[in-house]
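What follows is one structure encoded as structure tokens, with my remarks underneath.
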Amino acid sequence: MANSHIEDPNSSSDHESEKSTTIADVHASGSYLGSHTPDGLEKTTGDVEKTAWTNDVEQGNADGDGEEPNLVPVVSNPPPPAVPVPRRQRRGLLAQVTIIAEVTEPKHYSRSIKWTITFLVALAAAAAPLGSAIFFPSLSDVARSLHTSETVANLSVALYMLSMSIFPLWWSSFSEMFGRRSIYLISFVLFIVFSILSAVSVSIGMLIPMRLLSGGASASVQAIGAGTIADIWEPKERGRAMGIFYLGPLCGPLLAPIIGGAIAQAWGWRSTQWFQVIFGGVVFLTILFCLPETLKRKAEPVAPVMLGEDGAPVERTLTRVSTRQAAMAAKSFTVTATKFIFGPLEVIGYLRFAPVLLTIIWASITFGSLYVLNVSLEYTFGRHPYNFSEVIIGLLYIPNSIGYVLTSLLGGKWMDYIMHREARKANRYDEKGKLIYRPEDRMKENAWIGAFVFPAALIWYGWAAEKQVFWFAVIIANFFFGIGSMTVFSMATTMLTEFMPKRASSGVALNNFVRNILSCVGTIVGVPLINAMGNGWLFTMIALVSLITGTSVILSMKKFGPQWRIKMDKAFA
């Protein structure tokens, strides 16, 4: 693995030497200021899109002594142009039909194409959380229709979340081997099939396994999507891009309960699964025609050439050596198959690194509390004294999702600013004068805001629901929970892609693995704990655990982060 510090390839600083160009280049570009050109200019090396000359007026010139002003070159170094791959050489399933061409270096895409890919992947990432949240308002209807208890009906959501934690380990590993595009397409075909089978389920015993499999299929984008973002964006812009990407997973909970409540009230709970089928089909077609392969190409190995006595290449003939090699290859099939099946579990070993472990623990506790909150909303406000309908319950999920959206739009850019600021403040430049970025630079004042805001919002919500106050007080608490929790989510995801730059999707898959296990547990135990403790004490307990965890992680990363990261770099050197 490459070192987890990150160099900014486009940054400039006072440490860089001034670049210059020839007079012919300046006149050819036509972009200069002033009527004279300085003498003795040297030709630049590298890509220069535009060179401008600005007046550097000395004191004597200002006094009108007649001397010509010095002109200082201002050089802009744009990224190299994207080189498209020939249509027949594009990678991935049905890659020849894509409108956006695959390129040799994904980071050279234009900004408009980068944002197109980012929004497309964000749309696909909405499928998994949409499938879980769309079911919350209709759980009571599921229990009545399939003649089971609400606790058992909750398993259709809980096990959906569990599969979202496990399957991405394989999806991310397969994407590193076979590419992002193929995994996207295969997983969405499976998502559509299992959603259809969920819609036609005749018993809870059929519904729960089909929901589990549809959740696992849809979860591919949760890990691979972050890898796609890391494929196309430079580190200095990745925080904002990751924030936009996270709009998908968090807009699912924004819209799904509203849609689910409305269509379930009109046509029953099965309509929610047919909606998933339609949504999955739209995403599949969008990926098919618009998403190119973004995984960086690997250098293809060159087969050794056998030479004869005269030095000329000769054709390989059957020998004892080649026969033995074939036998060894056949014998290693079992080993290869075993690694193919169990190899993705090796990513769990990354938890031995403190920066990864601490970041994931904090994000997972935050995510688990989100699903306890979701269960509490449906359970509490569907009963006395509120007795809200399924549609109204769905609307209660809007405020925290608005908080998610606002934080995604603004928080990512803020994270990038903080990272750039910390690198400059520490005067970290490489020998070329480029800023050196480090993942822990992202965990500054934004982390403290997240650490305090969402636990405070949990306590606010818990006691407002416990005392059965006016519903408006509850949704205001949810709004602040959305802001605080999203700050933690986006920061953790971005940092994980930078701690493990060569296996970005695997790092995010590991995060999903742990956090979705906690969300599964939260979904199962939410109602029993509410009945046993009440909303007030339950959410106070969760808030205290979250607060202690968050502050401990921030302080630990501040004190030990650099040395932990160095140990990670040595371990993967």
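Would you mind counting up the charge near Ala143? Only other residues with Cβ under 15 Å from its Cβ, with Lys and Arg at +1 and Asp and Glu at -1. Working shown, then result.
Working: positive: Arg144, Arg211, Arg270, Arg383; negative: Asp141, Glu150, Glu378, Glu390.
That sum, taken over residues with Cβ under 15 Å, equals 0.
Give me the distance in nm between label points sitting 7 Å out from Cα along the Cα-to-Cβ direction at Tyr386 and Ser149, one decimal.
Rounded to a tenth, the inter-label distance reads 2.3 nm.
Going by C-beta contacts inside 10 Å, put Thr228, Thr104 in order with the fewest on the left. Could you put the intermediate results ahead of the total?
Details: Thr228 29, Thr104 12.
Going from least to most buried by this count: Thr104, Thr228.
Could you give the length gained on full extension between Trp448 and Phe472, defined as 0.36 nm per residue of separation minus the Cα-Cα distance, in nm? Intermediate results must be reported in sequence, preceding the final value.
Numbers: separation 24, 0.36 × 24 = 8.64 nm, distance 2.68 nm.
Once the chain is fully extended between Trp448 and Phe472, it gains 6.0 nm.
When a footprinting reagent is the concern and you count Cβ atoms within 10 Å, what order do Val189, Val514 take, fewest first?
Numbers: Val189 15, Val514 20.
Going from sparsest to densest Cβ surroundings: Val189, Val514.
Could you work out the local net charge near Ala82, counting Lys and Arg as +1, Asp and Glu as -1, over the other residues with Cβ closer than 12 Å to its Cβ?
On the way: positive: Lys107, Arg111, Lys114; negative: Glu102, Glu105.
Local net charge: +1.
If we count other beta carbons within 10 Å of each Cβ, what is the order of Ile360, Ile204, fewest first? Don't skip to the answer; put the middle values down first.
Numbers: Ile360 24, Ile204 18.
With the sparsest Cβ surroundings first, the list reads Ile204, Ile360.
Determine the alpha carbon to alpha carbon distance for each of Lys114/Lys432; Lys107/Lys434; Lys444/Lys559 and list only those over 21 Å. If you can, show how the numbers build up before the last one.
Details: Lys114/Lys432 27 Å; Lys107/Lys434 18 Å; Lys444/Lys559 12 Å.
Result: Lys114/Lys432 exceed 21 Å.
Report the far tail of the P(r) of segment 205-266, meaning the percent of Cα-Cα pairs longer than 19 Å.
Details: 989 of 1891 pairs.
So the pairs more than 19 Å apart make up 52 percent of the total in segment 205-266.
Please find the FRET efficiency linking Ala456 to Val193, where r is the Cβ-Cβ separation and R0 is fixed at 25 Å, and quote it to the nearest 0.05. Mind showing how you got there, number by number?
Details: r = 44 Å, r/R0 = 1.74.
Approximately 0.05, to the nearest 0.05.
Between Gln96 and Ser203, what is 0.36 nm times their sequence separation minus the Cα-Cα distance? Round to one decimal in nm. Display every interim value, and only then the final one.
Details: separation 107, 0.36 × 107 = 38.52 nm, distance 4.24 nm.
Full extension from Gln96 to Ser203 adds 34.3 nm.
5 Å is the cut-off here: which amide hydrogens, built 1.01 Å from N in the peptide plane, fall below it relative to Val103, excluding neighbours closer than 5 in sequence?
Val85
Please get the size of the charge dipole for segment 390-521, origin at its Cα centre, with Cβ charges of +1 on Lys and Arg and -1 on Asp and Glu, quoted in debye to the nearest 20.
Details: 14 positive and 10 negative charges, 99 e Å.
About 480 debye.
Where a number appears in this text, it was derived from the coordinates with a stated rule and is not lab data. Nothing here was measured: the structure is a model prediction, and the numbers come from that model. Neighbour counts run over all protein chains shown; Cβ positions are idealised from the backbone, glycine included.
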